[in-house]
Amino acid sequence: MSRLVRVLLIAAVGVTALVAALVPLASAQSREINVYSARHYDTDRSLYDGFTQLTGVRVNLIEGTEDQLIERIRNEGANSPADVLITVDAGRLWRAQQAGLLQPVTTATLVARVPEHLRDPEGYWWGLSKRARVIVYAKGRVDPAELPTYESLADPKWRGRIVVRSSNHVYNQSLVGSLIEALGPEATEAWARGLVANFARPPQGGDIDQLKAVAAGEADIAISNSYYLARLLKSNDPAERQAAEGLGVIFPNQNDRGTHVNISGAGVVATARNRDQAIAFLEYLTSDRAQEIFALGNSEYPVVPGVPLDPVLESWGPFKEDTLNAARYAANSPLALMIMDRAGWR
Amino acid sequence: MTALSRAGDRGRLLDARAGLRGWRGNVLLGRPGGLWPLASTLIAGGLALPILTVLASLVQPRDPLWDHLARTVLPVYLTNTLALAVGVGLGTLLLGTGTAWLVTMCRFPGRGLFEWALLLPMAMPTYLIAYAYTDLLQFSGPVQSTLRAWTGWSRQDYWFPQIRSLGGAIFVMALVLYPYVYLLARAAFLQQSGCLLEVSRTLGRGPWRTFLTVALPLARPALVAGAALAVMEALADYGAVQYFAVDTLSTGIYRTWFGMNSLATATQLAAWLVLMVFGVLVLERLGRGRARYYYTTAALRPLPTYALRRLAALLAMLGCALPVTLGFVVPAGAFAMMTRRGGDPLWGPAFLQLASNTFLLAVLAAALAVLLALVLAYSLRLAPSPVTHLTTRLAALGYAVPGAVIAVGVLIVAGWLDNVALGALRSALGLPPGLVFSGTLAALVFAYLVRYLTGSFTTVEASLTRIRPSLDEAARTLGHGTPSMLWRVHLPLLRGGLLTAALLVFVDVMKELPATLAIRPFNFDTLAIRVYRLATDERLAEASTAALAIVAVGLLPVLALSMAIARARPGARDT
């Protein structure tokens, strides 16, 4: 083959490829939604399949950390295929809203089913499940009556006995955000310094690592999300179950504002192309069926009242929750992180 | 001086007078070297684009957040990162060089086994070994619990090294990163001429002194290249240091970017990291020195190996067994035990889908990376100029930048391409909107190339520098054009190096996590993502099956490479 023919052939292939790339892949756009989810629990698959069975709409899932998902939606811009953003923390939903990535949707169903303090006042995002940040203690080594509030954790008598995960994690940032709202920044920083002085070890690992440390005797008190303890209690490993049975749970601040709760929630993306299906998806997630899967699949508290709880959660009984709107503590998370930095909470 | 060389001198003189030396002459006179600078610029420019995009935000004014960082956490980040780099560099040099020498130059029982076994830790990603050792050695892990049960001690009564610390991070990273040095050192030692070593012996130097004064300096480019790779890999790691609660620039970047929602300040932290990488690269260049390492004879005699006697043989076996055991057997065993207790419920067709996705991506990226590395290395060799030097340096920067930062850079570039460039084209042609680059395999492979080209480039270049220029000149006088020379003369000599480069990229892509998480298309998961999901949700035991799968898949090319290297030794077929 002569040189000229070869060059022409390559050029033809290149141009064809370019044109082919420009023609979008035909996809039945109205029969699917694209969900960007930061939840990473296997049980969610049955949630999405349930929606497909009910409505015939396919759910395309992309999972990742919330921050990368938000960055991705931001970069994809007007062409983003994302329809729904699901996170495990209110702070990130608030951040997505601030970045203009969500659109407000309000329907009678959503308003009726999601309590007011667990959703954005303007309808940009809706809570789908609830998790309490509780104090877990070693039975026999700690008297729960001495730890009625989050504030009491800074008491010097607990020196060297508390473990908690790093300040990097959104759960702690939201907790401190709610404290800033309740106590003010200066008092919160003083509290954080007191707490850091009580650490048994520098923050490392996740919530379950803290629980295991308490069970093993490395510390006596841990701060953790409620579903992690429930998960340990239901574990397949008998050693883990036994460890968890030696732990007790305290719901702090029952006599004043209530225990801090965070939400796993969702919002419709501003540039969503399948808006109606996305709204239907959100409504489906607040249905009793879906709320039960949330509750029983990952031991979370459903947001809709009246849905049966997981037996372990049931055994802990009802508790007073902090009805501070999630948007308020979410907005404090950057300040919370700076306060934790200054207090030496790594 | 021969007539031939005098003619060559005259030719060069004429060119110099006409101002047509070097690349200018190549381009103007249409010599074969003319296209090389262009090709290398295009490649390097394309690959450097995401990093430059990220670095470009440096020119934005600093906000008060930077002062907050500088006062509170920046010193910790810097000292930890430096300590990590130095520790891992020294550790991998020691482990890699020592084991490579033992395996190539000494005879002891089990040497054939260790030759390929020493590569095994390369299949273990840093985050996996971090998870495994934490699970084993932490306070509530089996080792300390058994200790407490036997002795009746409690927390205050004994001291146990804290695995979740800077020392622990250096330890586990050195254990999985030394194969980079081992591979390159071994290739260098295998390629060395037996004549040199024999001459050294006849001059009265024993095996130790021969090693220290003859073999080691000759292998220096390879050793330095390997150590640089290992250090850059350590600097870019996020999973292990984050799990070990070690605050480095990597963790700081994520924390500032996401926790404080300040991409600009996070980028400035990233710039510090890039500067450190620059430092490593500069040190590597200096380490290679201005000397040129060629063999002056083509007669490569088989290497004289030293037979080791009892105690020395035992020590050698121990010295080789320890890295393999600690770096591979122990973590893989830990995962295997976790699997037995309660493994991943996803075994089956879905799991196979994950595996094939991972394999496809890795093969594609490895092939492309080796191709691009070859082009870049040749542009440096055939048409050296300030342009090619600069572009190849730029292309090699991606390795030390954390995967997530590259992911953001690639997303920004892909987003720009889709929204601005193609958007304009679409509206001009009247086509409906949609994404072409973002969220596709192309963007993902591009991110892999940006990140992993250094590995293949350094290896290919190190291999290429072993081929002396007189071979090129001889080929030309025999009538070979450049393509023919590359294909028939260089390629057979480069085979070992190319395979090494392909392997490095393959295994790295398979283990890669942050970029894949951010860029991958819908409904496309890899094994690494599965492990990460389960481990971050603190279901480490369930992650064990996927972890073992990553390690198993990584083993096959390791073994294949090991055999290929031994066969590709120049002169090996003569024996």
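The values are calculated or read from the model by the stated rules, or taken from the named source; none is laboratory data. Values in this document were obtained by computation on a predicted structure and should not be read as measured data. Reconstructed Cβ throughout: ideal geometry from the backbone, glycine too, with neighbour counts over all protein chains shown.
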For region B:196-286, list the helices (runs of 4 or more DSSP H) that sit wholly inside it and hold at least 2 residues that are surrounded by fewer than 18 Cβ atoms within 10 Å (Cβ to Cβ) and more than 14 Å from every other protein chain (Cβ to nearest Cβ); which are they? B:207-210
Note: among B:Leu372, B:Leu380, B:Leu368, B:Leu411, just one is touching a residue at least 40 places away in the same chain (Cβ under 8 Å), within 14 Å of another protein chain (Cβ to nearest Cβ) and either in contact with a Phe, Trp or Tyr (Cβ under 8 Å, 6 or more places away or on another chain) or in a helix (DSSP H, G or I) (or both), namely B:Leu411
Within region A:157-184, of all residues that are among the charged types (D, E, K, R) and part of a loop (DSSP other than H, G, I, E, B), the one surrounded by the fewest Cβ atoms within 10 Å (Cβ to Cβ) is A:Arg159
Based on what the data block shows, is A:Tyr228 modelled with pLDDT of 90 or more, assigned to a helix (DSSP H, G or I) and not assigned by TED's automatic domain parsing to the domain that holds A:Trp191? no
Are any residues in region A:299-342 surrounded by fewer than 21 Cβ atoms within 10 Å (Cβ to Cβ), touching a Phe, Trp or Tyr at 6+ places or on another chain (Cβ under 9 Å) and within 14 Å of chain B (Cβ to nearest Cβ), and if so, which ones? A:Ala331
Residue that is surrounded by the fewest Cβ atoms within 10 Å (Cβ to Cβ) [pool: residues in region A:45-79 that are within 10 Å of chain B (Cβ to nearest Cβ) and of a type in the set (Gly, Ala, Ser)]: A:Ala78
Inspect all residues belonging to region A:316-325 and state whether any of them is over 30 Å from B:Glu542 (Cα atoms), part of a helix (DSSP H, G or I) and over 16 Å from the mean Cα position of the chain (by Cα). no
Residue list for region A:80-106, filter: surrounded by fewer than 21 Cβ atoms within 10 Å (Cβ to Cβ) and out of contact with any strand residue (DSSP E or B) (no Cβ under 8 Å at 6 or more places or on another chain): A:Gln98, A:Ala99, A:Gly100, A:Pro104, A:Thr106
Sort out which residues of region B:460-502 are among the basic types (Lys, Arg) and under 25 Å from B:Leu183 (Cβ atoms), and write them in order of number. B:Arg466, B:Arg468, B:Arg495
Name the residues in region B:470-485 that are surrounded by fewer than 17 Cβ atoms within 10 Å (Cβ to Cβ) and of a type in the set (A, V, I, L, M, F, W, C), would you? B:Leu471, B:Ala474, B:Leu478
Return yes or no: is B:Arg71 modelled with pLDDT of 70 or more and in a loop (DSSP other than H, G, I, E, B)? no
Just checking, does region B:155-169 include any residue being touching a residue at least 24 places away in the same chain (Cβ under 8 Å), within 30 Å of B:Leu556 (Cα to Cα) and away from every other protein chain (no Cβ under 13 Å)? no
Here's a check for you: in region A:111-156, which residue that is in a loop (DSSP other than H, G, I, E, B) and acidic (Asp, Glu) is farthest from A:Tyr228 (Cα to Cα)? A:Glu122
When region A:80-99 is checked residue by residue, the ones that are in contact (Cβ under 8 Å) with a residue 24 or more places away in the chain and either over 17 Å from A:Ala278 (Cβ atoms) or of a type in the set (Phe, Trp, Tyr) (or both) are A:Val88, A:Asp89, A:Ala90, A:Gly91, A:Arg92, A:Trp94, A:Arg95, A:Ala99
Please work out if A:Ala222 is within 14 Å of chain B (Cβ to nearest Cβ), crowded, with 23+ Cβ neighbours inside 10 Å and at pLDDT 90 or above. yes
Answer yes if at least one residue in region B:183-192 is assigned to a loop (DSSP other than H, G, I, E, B) and either under 22 Å from B:Gly98 (Cβ atoms) or among the basic types (Lys, Arg) (or both), and no otherwise. yes
Reported set for region B:60-71 where residues are crowded, with 16+ Cβ neighbours inside 10 Å and either within 11 Å of chain A (Cβ to nearest Cβ) or touching a Phe, Trp or Tyr at 6+ places or on another chain (Cβ under 6 Å) (or both) is B:Leu65, B:His68, B:Leu69
Select from region B:484-516 the residues that are over 24 Å from B:Leu555 (Cβ atoms) and out of contact with any Pro (no Cβ under 8 Å at 6 or more places or on another chain) and list them in ascending order. B:Ser484, B:Met485, B:Leu486, B:Trp487, B:Arg488, B:Val489, B:His490, B:Leu491, B:Pro492, B:Leu494
Any chance you could count how many residues in region A:185-215 are among the small types (Gly, Ala, Ser), within 24 Å of the chain's Cα centre (by Cα) and assigned to a loop (DSSP other than H, G, I, E, B)? 2
By residue number, the members of region B:109-138 that are assigned to a loop (DSSP other than H, G, I, E, B) and surrounded by fewer than 22 Cβ atoms within 10 Å (Cβ to Cβ) are B:Pro109, B:Gly110
Residues in region A:256-275: is at least one aliphatic (A, V, I, L, M), surrounded by fewer than 23 Cβ atoms within 10 Å (Cβ to Cβ) and not in a loop (DSSP other than H, G, I, E, B)? no
Give me the pairs: first residue in region B:126-142 and farther than 12 Å from B:Val330 by Cβ and away from chain A (no Cβ under 14 Å), second residue in a loop (DSSP other than H, G, I, E, B) and among the aromatic types (Phe, Trp, Tyr), beta-carbon distance under 8 Å, and six or more apart or on different chains, which are they? none
